[in-house]
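K.L.:
Quick one: the structure is below, and I'll ask about it shortly.
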Number of protein chains: 2
Amino acid sequence: MANSLPDVVAAALRVLDSYGLEFCSMRRVAAELDVQPSALYHHVPNKQTLLALMADDLVSEVDGDDARSLCHALRRSMLAVRDGAEVVATASAFRLGVSGVEKQLADLVGDDGARTLLLFTFGHTQSTQTHRQASAVGAIDEDADLDASFDRGLSIILTGLTHRATCR
Amino acid sequence: MANSLPDVVAAALRVLDSYGLEFCSMRRVAAELDVQPSALYHHVPNKQTLLALMADDLVSEVDGDDARSLCHALRRSMLAVRDGAEVVATASAFRLGVSGVEKQLADLVGDDGARTLLLFTFGHTQSTQTHRQASAVGAIDEDADLDASFDRGLSIILTGLTHRATCR
DNA sequence: ACCTGAACACCGTTCAAGT
DNA sequence: ACCTGAACACCGTTCAAGT
């Protein structure tokens, strides 16, 4: 009967995916667990911390051999849940969350390159999710367009990184 | 005595700069104008629209001859007001706001280039403002570091754009 | 045209108290 | 350790009514 912290995080992610960030309130997460709102504060000091834990969970399986596949994997993880990109981007602005991915990227392309790739990946994926919700459900054509647009942006940055290192 | 729409937008920007986005509520904006909350709905249909008008106002003076100076000008405009980057980035995700800047950039570097530069500029500037508020007030050293980091990211993307066009 | 007053359906968080 | 119940100080938005 008693809930643990992972239970709370999982419930919060279910609420997020069903209703979106705007309606992912502490009260709804509590209702999802059939518990009073105040009960959540036994597991988590505040909502911000819960959101950070959700972000950690979202990116925990991100992996890849090179910078490009790492960014694509990060994008896929965030797209898997409604408003996932916004949750991860906000948490990582506060220096929680993606740190593992950031380190892997930094080893491959340096600090500035990692930062540039990460900010582009967050922004583009957030924008993808915003437009996904604005248009009718399941616009598969638009999804393919946005994936291609994302990959072209990645190419621009990666070309910049290569030429800075080898030609200048 | 009677307020106009520009009065409302100006009051909202004052509240934003003083208290931050989190506390920039319709009720506080109303109080800033010595008016009941419901009075705002005579000027604006909802909060989202007010935020979009604030974003328009923030970027209205952005101008520059080349892509780099355009991005720096955009960054400066957003940094001028507390949480300005978040307001502009969110509004532009919904296709309002920065469209003028986006068009200027697209003429200079193409659609993909404009998008990549814009998303990087939003993300980096938001991150700058987050860290500004986290650390003690007026950390001038850190501001200079972040400006330099921003410019290096810009260089990476601009190098990528040049070499894609001329060498490939 | 611009605003008031009152209401509705929500928030995050705290805290004493229960088991 | 985990939860309830009640409270506090807020939200955005609507709507009839006033001037």
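K.L.:
Considering only the range B:59-69, how many residues are more than 19 Å from residue B:129 (Cα to Cα) and in a helix (DSSP H, G or I)?
P.N.:
The number of residues fulfilling the criteria is 3.
K.L.:
Do we find that residue A:92 is away from DNA strand C (no atom under 16 Å from the Cβ), crowded, with 17+ Cβ neighbours inside 10 Å and closer than 30 Å to residue B:158 by Cβ in this structure?
P.N.:
When the stated conditions are applied, residue A:92 passes them.
K.L.:
When you scan the range B:20-46, how many residues do you find that are over 22 Å from residue B:80 (Cβ atoms), open to solvent by 60 Å² or more (accessible area, probe 1.4 Å) and near DNA strand D (Cβ under 10 Å from one of its atoms)?
P.N.:
8
K.L.:
Among B:110, B:84, B:100, which is the only one that is away from chain A (no Cβ under 12 Å) and either open to solvent by 10 Å² or more (accessible area, probe 1.4 Å) or polar (S, T, N, Q) (or both)?
P.N.:
Among B:110, B:84, B:100, only B:100 is away from chain A (no Cβ under 12 Å) and either open to solvent by 10 Å² or more (accessible area, probe 1.4 Å) or polar (S, T, N, Q) (or both).
K.L.:
What is the residue count in the range A:1-58 for residues that are within 11 Å of DNA strand C (Cβ to nearest atom), within 14 Å of chain B (Cβ to nearest Cβ) and assigned to a helix (DSSP H, G or I)?
P.N.:
5
K.L.:
Given the condition on the phi < 0 side of the Ramachandran plot, surrounded by fewer than 16 Cβ atoms within 10 Å (Cβ to Cβ) and modelled with pLDDT of 95 or more, answer yes or no: does some residue in the range A:51-58 qualify?
P.N.:
The answer is no; no qualifying residue exists.
K.L.:
Restrict the check to the range B:144-151 and report whether at least one residue is among the aromatic types (Phe, Trp, Tyr) and either surrounded by 23 or more Cβ atoms within 10 Å (Cβ to Cβ) or assigned to a helix (DSSP H, G or I) (or both).
P.N.:
Yes, the range B:144-151 has at least one match.
K.L.:
Of the residues that sit in the range A:115-138 and are open to solvent by 20 Å² or more (accessible area, probe 1.4 Å) and under 16 Å from residue A:90 (Cα atoms), which one is modelled with the lowest pLDDT?
P.N.:
A:130
K.L.:
Please indicate, with yes or no, whether at least one residue in the range A:51-60 is closer than 21 Å to residue B:127 by Cα and within 16 Å of DNA strand D (Cβ to nearest atom).
P.N.:
Yes, because at least one residue in the range A:51-60 is closer than 21 Å to residue B:127 by Cα and within 16 Å of DNA strand D (Cβ to nearest atom).
K.L.:
Could we say that residue B:69 is loosely packed, with under 13 Cβ neighbours inside 10 Å, near DNA strand C (Cβ under 10 Å from one of its atoms) and more than 14 Å from every other protein chain (Cβ to nearest Cβ) here?
P.N.:
Against the criterion (loosely packed, with under 13 Cβ neighbours inside 10 Å, near DNA strand C (Cβ under 10 Å from one of its atoms) and more than 14 Å from every other protein chain (Cβ to nearest Cβ)), residue B:69 does not qualify.
K.L.:
Is it true that residue A:155 is of a type in the set (Gly, Ala, Ser), surrounded by 14 or more Cβ atoms within 10 Å (Cβ to Cβ) and out of contact with any Ser or Thr (no Cβ under 9 Å at 6 or more places or on another chain)?
P.N.:
Taking the combined requirement at face value, the residue satisfies it.
K.L.:
Every residue in the range A:122-137 that is more than 9 Å from chain B (Cβ to nearest Cβ), of a type in the set (Val, Ile, Thr) and in a helix (DSSP H, G or I), please.
P.N.:
A:125, A:128
K.L.:
Do you know which residues across the range A:1-19 are within 10 Å of DNA strand D (Cβ to nearest atom) and under 23 Å from residue A:78 (Cα atoms)?
P.N.:
A:5, A:7, A:8
The values are calculated or read from the model by the stated rules, or taken from the named source; none is laboratory data. Since we're looking at a predicted model, the values are computed, not measured. Note: ideal-geometry Cβ built from the backbone for every residue, glycine included; neighbour counts use all protein chains shown. SASA here: full protein model, heavy atoms, side chains in, ligands and nucleic acids out. Shrake-Rupley method; radii C 1.70, N 1.55, O 1.52, S 1.80 Å.
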